[in-house]
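For reference, the structure is listed below as structure tokens.
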Amino acid sequence: MADVIMEAAPIAEAGPSRRDQLVDTFTSYRQQLDLENERRERLIILSRSITQQSKKVIFHLHRCATLPGTPAFDKNIQTARTMVQKIVESFAQVSAELRDTSDAESYWRWYRNISPGLEEFIESISFLHYLEHRQLITCQEIQNTLKEEGPDDTLVVVTPDDFILGISDLTGELMRFATNALSTGDAETPQEICAFVRNIKTYFDGIPTHHLRQLSKKQEETTRSLMKIEKLCYETQLRSIEYDGRRDVLAQMSRRDVEGYRDQPIEV
Amino acid sequence: MATGAQSGGLPSDAVPISSGTLRETRLSSVDRALGSVIASLEKEQELKKAIREAMEPIEDISRRAASTLNDIHSVHGMDHRAIAQRTLDLIEQVRPLWTGVSTLIPAGEFYRYSFAVGPTLRTLTQLVAYAIFIIQDALAPSHDVARHLGVQEDSADGVILTADDYLQGVIGAINELPRLSVNAVTAGNYHLPLRIASFVNDVFASYSQLNLRNDVLRRKFDSLKYDLKKCEDVIYDLTLRGLNPRSADVSSAPVSRTSAPLGNTGSSA
């Protein structure tokens, strides 16, 4: 019973003063949280802007992608390069926002907020690279574009996660590209893309799910894209036997064949 | 890789249209790009695993501290402070262990790997805040908790207790208090529910000052009002029966505990 009385004592004294004290401490927590939220918002806005710009690059590339070797194609690629340069300028803003001079830890604290934009950028630049060189861009090559003039001034770090997720999205673009290519009578490109995407998928299949959780959903999408490409190849193969030596007829058939695919909305 | 180059001798299942050599170089670009990136992904995984392993002794202490503090429900009020102190002493043992974690993390990359540290930091914050409430009847501020744990409060080399982790941890402590309030009544301790209700009320008012966005902290904050209600319900039950030591005459409170309480309801409610 003695303890009951003993414990009663602090209530009377500590009551009001404790609340005043708490108001002070929580005012400072509020300021801190507000600053953090504002910075997060600014980064999310930048990320969205980068996503939009990257989507524009991809749409732009699709428009003229099927005519390699023509002046129109070269001009298209050139314009895309200029657009990419503009995006890199946005990344300079991101870099300034991520790097707090007073806080050495700030970069990794906030970088997740930029990931959606960065992934979209990787998708667009890897598609551009593929159209130019018919090769898969490396993580290092992307890293090299995200640098300032100086030799060692990385704007944003491209992590393996970002790279893999961005490349996973690239397979969807390649499917669209293969479909469009076939519609112009180019039977070779779909075959090539088929092997290319299949190889990428095989690599990604080897990544354990717990290493990169977001990948498994994207792999389903990649599988669907690959199956569409394979169907295109299958149909071309059958036609090439039926109309052997009559490429012009084949091209016409293909054009008709892909109309079903083309009507699908492009989701990037 | 060299075998595909001779297109003349290809078997019939090879794709007839494309040139083999070119195809090989293009495919090898995939090997080059993905081989290296998957290797670095694996390296990162190993680092994450090492960090998780370095956290294990800290998590052990955290669990032991939690079970020590849990005894508070089953002992008499007099021993509450002793249990809380024992919990704090136990938690202090984590102080030297953080270096095992922070040496693994590359400089400036704490937040890249903080996902492995955050949950434990929040649990430890919860325990410290709980124990300090029992001992001092106060809310331990962030720097106090950081000092108890032996971590940094803001950016510096080493493990950092962020405002967000701290604020979530404190709510974790508040979530435990309604249960303590109920069990205190069972044990015949009618003062502790008052202390708890007043504390939860103050903390709730404090959190209401924050501009929260839709995230975990916001959801946890939403849980506070239920805790507050539960704590106030206990006070109501006590008051209804004339057991509230504050509303009734303090000297009469112990008496009403043993005698039939219903006679007092009219005056105290």
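Every number here is computed from the coordinates shown, using simple stated rules; none is lab data. Being a predicted model, the structure only gives us computed values, none of them experimental. Heads up, the Cβs are rebuilt from the backbone with ideal geometry, glycines too, and the neighbour counts pull from every protein chain shown.
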Select from B:Tyr113, B:Ile132, B:His73 the residue farthest towards the positive end of the dipole of the range B:53-161; place +1 on Cβ of Lys and Arg, -1 on Cβ of Asp and Glu, and compute about the Cα centre. B:His73
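Kindly provide the GluC sites (Glu not before Pro) of the range A:116-157 that DSSP labels as loop, not H, G, I, E or B, and whose Cβ sees at most 14 other Cβ atoms within 10 Å. Please report the intermediate quantities before stating the final value.
On the way: sites: A:Glu119, A:Glu120, A:Glu123, A:Glu132, A:Glu141, A:Glu148, A:Glu149; in loops: A:Glu148, A:Glu149.
Qualifying residues, ordered by number: A:Glu148, A:Glu149.
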Grab the beta carbon distance between B:Ser28 and B:Gln93, set R0 = 51 Å, and tell me the FRET efficiency rounded to 0.05. 0.40
Determine the shielding of peptide A:25-32 by partner chains: average, over its residues, the number of Cβ atoms on other chains within 10 angstrom of each Cβ. 6
Just want the ordering: B:Ile174, A:Ile207, from fewest to most Cβ atoms lying within 10 Å of their own Cβ. A:Ile207, B:Ile174
Per DSSP, loop chymotrypsin sites (Phe, Trp or Tyr not before Pro) in the range B:137-212 with at most 11 further Cβ within 10 Å: none
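Compute the Rg to Rh ratio over the range A:86-193 from the alpha carbon atoms, using the Kirkwood formula for Rh, and round to two decimal places. Spell out each step's value before the answer.
Values: Rg = 16.4 Å, Rh = 15.2 Å.
Ratio of gyration radius to Kirkwood radius: 1.08.
Viscosity 0.890 mPa s, temperature 25 °C: Stokes-Einstein D of the range B:89-161 from its Kirkwood Cα radius, in µm² per second?
The calculation lands on 193 µm²/s.
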In nanometres, what is the gap between the two model label sites at B:Ala205 and B:Ser74, each 7 Å from Cα along Cα-to-Cβ? 3.7 nm
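A:Arg42 to B:Glu109: FRET efficiency via 1/(1 + (r/R0)^6), r the Cβ-Cβ distance, R0 25 Å, to the nearest 0.05?
0.70
Give me a single rounded figure for B:201-212: the average over its residues of other chain Cβ atoms within 10 Å of their Cβ.
Numbers: counts 2, 9, 4, 0, 4, 11, 4, 1, 7, 7, 5, 3.
Average per residue, whole number: 5.
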Roughly how many whole Å is it from the C-alpha centroid of the range B:72-131 to that of the range A:53-68? 53 Å
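Can you give the mean number of other chain Cβ atoms that lie within 10 Å of the Cβ atoms in peptide A:196-209?
Numbers: counts 5, 1, 2, 7, 4, 0, 2, 7, 2, 0, 2, 5, 3, 0.
Mean shielding by partner chains, rounded to a whole number: 3.
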